[in-house]
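Colleague: Can you read through this structure? Questions will come right after.
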Amino acid sequence: MKNLKVIILLVVAISIVGWFAFSKGEARAPGLNKEPISQEALDKRLEDITYLPRFLEFDKSYSPENRKRAEAYIEEVRRNAAYMSEAAFYLAVRKTAALADNGHTRVSAMPAFKKFDAIPLRVYWFGDDLRIVRAHKDLADIVGGRITHINGVKIAEVADILGQYTGGHKHFGASYITPLLVASPAILSAAGIGDDDHAAVYTVAMDDGTLKEKSLVARSPEENSFFGHNSGWRNLIPEPSTAESNNWVSALPLDVPLPAYLQQADAPFFLIEDIGGGIAYVNIRHNDNKGDIMIMERLSEYLDVLREIKPKHVIVDVRHNSGGNLHLAAGFMFALHDLLPDDGLVFSITGKSTFSAGIYTAFYTKVTNPERTIVIGEHVADREVSFGETGELIELPNSGYLGVTAIQKHNLATGCKEDICHLSADNPRNIAVGSVAPDVEVVENFQDFLQGKDTILAAIFKYLEDRAVTQ
C-alpha cells in the first residue's frame, strides 16, 4: 500500500511538472509553439473548434469506432488550441475530416497554397517516385529530379505522415493533397517533418547519378503561382500558365510532342478518331459540363463518329478524371460495345487520380461486357465502398477553412442495396464489379514521359499484339 501511494504521488508530481513546463512555453509536440497565441486569437480559434463536431453531425461515413476517435481528437485539439501554430490547426481540421477514412469527407487544400508560404515547385508521382516536374527558374537544376528525403525523412515516410490528414484510399491523398503539402515548410513542420516554418531541405536524386541537397526558402502565395488543387496533371505540360509567365521550368522539354493524354489541355473531353491501328481514343477528364460544352451532347456526337468510322477497339482514358456526375457519361459507356466488331475491346485507362464519378465511368463496361473490357493502368483513388454526394459544407468562421461532408453510400463491389445508398437497387448505374483494381496494372514511367511516350498506351498496343499472336 505504501508503494502504491508513492507511485501515485510520483505520477501526480510528473503531471504537474509537465503541465507547468508546458504552460511556461515548452513545446511538447510538433506544431505546438512555446508561447501561446493572444487571447483574442484563442477566442477565435475556440469558436472555430466548436464547428468541428459538425463533421460528425452531418457526415454519414464515420464508423462508430472512427466517430469515437474523432470526438476524442477534437477534445485534444481544444486542449492544445492556445499553443498550436496556424499550420498545425489547419492540419487538425484536416485530420478531423480524415478520421472518417473517406475520400469525399475532406477539407479544402486551398490553404496549402493560398494561405501558407510554399516552395515554388510542383511534383508528381511516377509509381513510388516523387518527381519535380516543374519549378521556378531559380530551382531549374533540380527539375526532373526524384525527391528522396525532406528534412532528412524518407519520402515514403513523408507520404505516410501526411497521409493521415486525408481519408480514403491512399491514392486520393497522394494525387490531390500530398503534392501540395510537401511544398509548405510550415505544414511539414506542423506534421513533425522538420522544425522550420520557413524553409525545408530537399534531397533530390538526379538521373545522372548526382545527389543534391537543397535548403529552400518558402515564398509568399503571390510569388508562388498555382494552377489549382485539382489539376496535378496540368503540371506535366511544359507550356506555362498565365500566372507563371516565363519564370518556370518544366521537366518535359517544349520540343517534345505531347502524348495523347496531355493534349488539348483546356478540353474536358476529346476524341482522337485513330490513335493507331484503327483504335479510337476518348479522353474524359471530368464528368460534368464545362461552360457551354455539354458533356452528354459531346459524348453523343462521339458515338455518332464512332458508328461512322467503325474502330477496331476503343480506349477511354479517365486516369485524370476527378469525378463529377456519374450519370452523364453512363449512356456513352454502355453503348460502346455495340459499336465494335465481335472481337473489339474497350480499354479503360485508370490512374491514381481517377476518383468519384470517374471510377464509375471506368467500370461501366465491366457490367455490359466484362469479357471484352480491359481496365488498365493504376489503382483508382478510392475503394469499392465509399460515401459521396456533398452534404453540409462546414466553413470555420474565423480561419475560413472549408470542410465537405458526404451523405450517401456507394458499393461497387456488390452493388449498393441500402436506404442510405445514392442509387436505387434497380438503377442500371448501380453497378457491381467486385473490385476496382485494374485488370492489367501499368505504372506511369518517368523516362517514357520525358520522351513524350505514354507508358499505358504502349502497354495496350503490346497487349493487342500478344493477343493477335495467340488467336
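The values are calculated or read from the model by the stated rules, or taken from the named source; none is laboratory data. For clarity, every value in this text was computed on a predicted model and none was experimentally measured. Neighbour counts are summed over all protein chains in view; Cβ atoms, including those assigned to glycine, are modelled from backbone coordinates with ideal geometry.
Colleague: Can residue 79 be described as farther than 23 Å from residue 157 by Cα and of a type outside the set (Ser, Thr, Tyr)?
Modeller: For residue 79, the condition - farther than 23 Å from residue 157 by Cα and of a type outside the set (Ser, Thr, Tyr) - is met.
Colleague: Does segment 410-431 contain at least one residue that is within 22 Å of the chain's Cα centre (by Cα) and either under 17 Å from residue 320 (Cα atoms) or β-branched (Val, Ile, Thr) (or both)?
Modeller: No, the conditions are met nowhere in segment 410-431.
Colleague: Moving on to the next point. May I ask you to say which residue of 382, 343, 304 is under 13 Å from residue 436 (Cβ atoms) and charged (D, E, K, R)?
Modeller: Working: 343 fails: under 13 Å from residue 436 (Cβ atoms); 304 fails: under 13 Å from residue 436 (Cβ atoms).
Going through 382, 343, 304 in turn, just one is under 13 Å from residue 436 (Cβ atoms) and charged (D, E, K, R): 382.
Colleague: Counting only residues that are touching a residue at least 40 places away in the same chain (Cβ under 8 Å), surrounded by fewer than 17 Cβ atoms within 10 Å (Cβ to Cβ) and closer than 15 Å to residue 125 by Cα, how many does segment 448-471 have?
Modeller: 1
Colleague: From the list 388, 415, 400, exactly one residue is in contact with a strand residue (DSSP E or B) (Cβ under 8 Å, 6 or more places away or on another chain), of a type in the set (Gly, Ala, Ser) and either part of a helix (DSSP H, G or I) or not assigned by TED's automatic domain parsing to the domain that holds residue 55 (or both). Which is it? Break it down stepwise before answering.
Modeller: Values: 415 fails: in contact with a strand residue (DSSP E or B) (Cβ under 8 Å, 6 or more places away or on another chain); 400 fails: in contact with a strand residue (DSSP E or B) (Cβ under 8 Å, 6 or more places away or on another chain).
From the options 388, 415, 400, the qualifying one is 388.
Colleague: Here's something else I'd like to know. Taking residue 341 as the residue in question, decide whether it is assigned to a loop (DSSP other than H, G, I, E, B) and touching a residue at least 40 places away in the same chain (Cβ under 8 Å).
Modeller: On the way: assigned to a loop (DSSP other than H, G, I, E, B): yes; touching a residue at least 40 places away in the same chain (Cβ under 8 Å): no.
Against the criterion (assigned to a loop (DSSP other than H, G, I, E, B) and touching a residue at least 40 places away in the same chain (Cβ under 8 Å)), residue 341 does not qualify.
Colleague: Another question, then. Tell me the residue from 127, 168 that is buried (at least 22 other Cβ atoms within 10 Å of the Cβ), within 16 Å of the chain's Cα centre (by Cα), in contact (Cβ under 8 Å) with a residue 60 or more places away in the chain and on the phi > 0 side of the Ramachandran plot, please.
Modeller: Selected residue: 168, the only one of 127, 168 that is buried (at least 22 other Cβ atoms within 10 Å of the Cβ), within 16 Å of the chain's Cα centre (by Cα), in contact (Cβ under 8 Å) with a residue 60 or more places away in the chain and on the phi > 0 side of the Ramachandran plot.
Colleague: With 385, 375, 442 as the choices, which residue is aliphatic (A, V, I, L, M) and in contact with a His (Cβ under 8 Å, 6 or more places away or on another chain)?
Modeller: Numbers: 375 fails: in contact with a His (Cβ under 8 Å, 6 or more places away or on another chain); 442 fails: in contact with a His (Cβ under 8 Å, 6 or more places away or on another chain).
None of the others qualify; the one that does is 385.
Colleague: Within segment 152-164, can one find any residue that is in a loop (DSSP other than H, G, I, E, B) and crowded, with 18+ Cβ neighbours inside 10 Å?
Modeller: No: segment 152-164 contains no residue that is in a loop (DSSP other than H, G, I, E, B) and crowded, with 18+ Cβ neighbours inside 10 Å.
Colleague: Whether any residue in segment 365-379 is charged (D, E, K, R), crowded, with 22+ Cβ neighbours inside 10 Å, more than 24 Å from the chain's Cα centre (by Cα) and within 20 Å of residue 330 (Cβ to Cβ) is what I want to check.
Modeller: Yes - at least one qualifying residue is present in segment 365-379.
Colleague: Another question, if that's okay. Quickly run through segment 184-215 and pick out the residues that are in a loop (DSSP other than H, G, I, E, B), under 19 Å from residue 129 (Cβ atoms) and either basic (Lys, Arg) or touching a residue at least 24 places away in the same chain (Cβ under 8 Å) (or both).
Modeller: Within segment 184-215, 193, 206, 207 meet the criteria.
Colleague: Residue under question is residue 97, and the condition is that it be modelled with pLDDT of 95 or more and either on the phi > 0 side of the Ramachandran plot or surrounded by 18 or more Cβ atoms within 10 Å (Cβ to Cβ) (or both); does it hold? It would help to see each step written out before you state the result.
Modeller: Working: modelled with pLDDT of 95 or more: yes; either on the phi > 0 side of the Ramachandran plot or surrounded by 18 or more Cβ atoms within 10 Å (Cβ to Cβ) (or both): yes.
Criteria met by residue 97.
Colleague: A follow-up question, please. Over 25 Å from residue 173 (Cα atoms), assigned to a loop (DSSP other than H, G, I, E, B) and touching a residue at least 40 places away in the same chain (Cβ under 8 Å): does that describe residue 275?
Modeller: In short, yes.
Colleague: Right, another one. Just the residues that are β-branched (Val, Ile, Thr) and part of a loop (DSSP other than H, G, I, E, B), please, taken from segment 172-183.
Modeller: Once the filter is applied, which keeps residues that are β-branched (Val, Ile, Thr) and part of a loop (DSSP other than H, G, I, E, B), segment 172-183 yields only 182.
Colleague: Answer yes or no as to whether residue 437 is surrounded by fewer than 17 Cβ atoms within 10 Å (Cβ to Cβ), on the phi < 0 side of the Ramachandran plot and of a type in the set (Gly, Ala, Ser).
Modeller: yes
Colleague: Being within 24 Å of residue 447 (Cβ to Cβ) and exposed (fewer than 14 other Cβ atoms within 10 Å of the Cβ) is the filter; apply it to segment 236-262 and report the residue that is farthest from the chain's Cα centre (by Cα).
Modeller: 255
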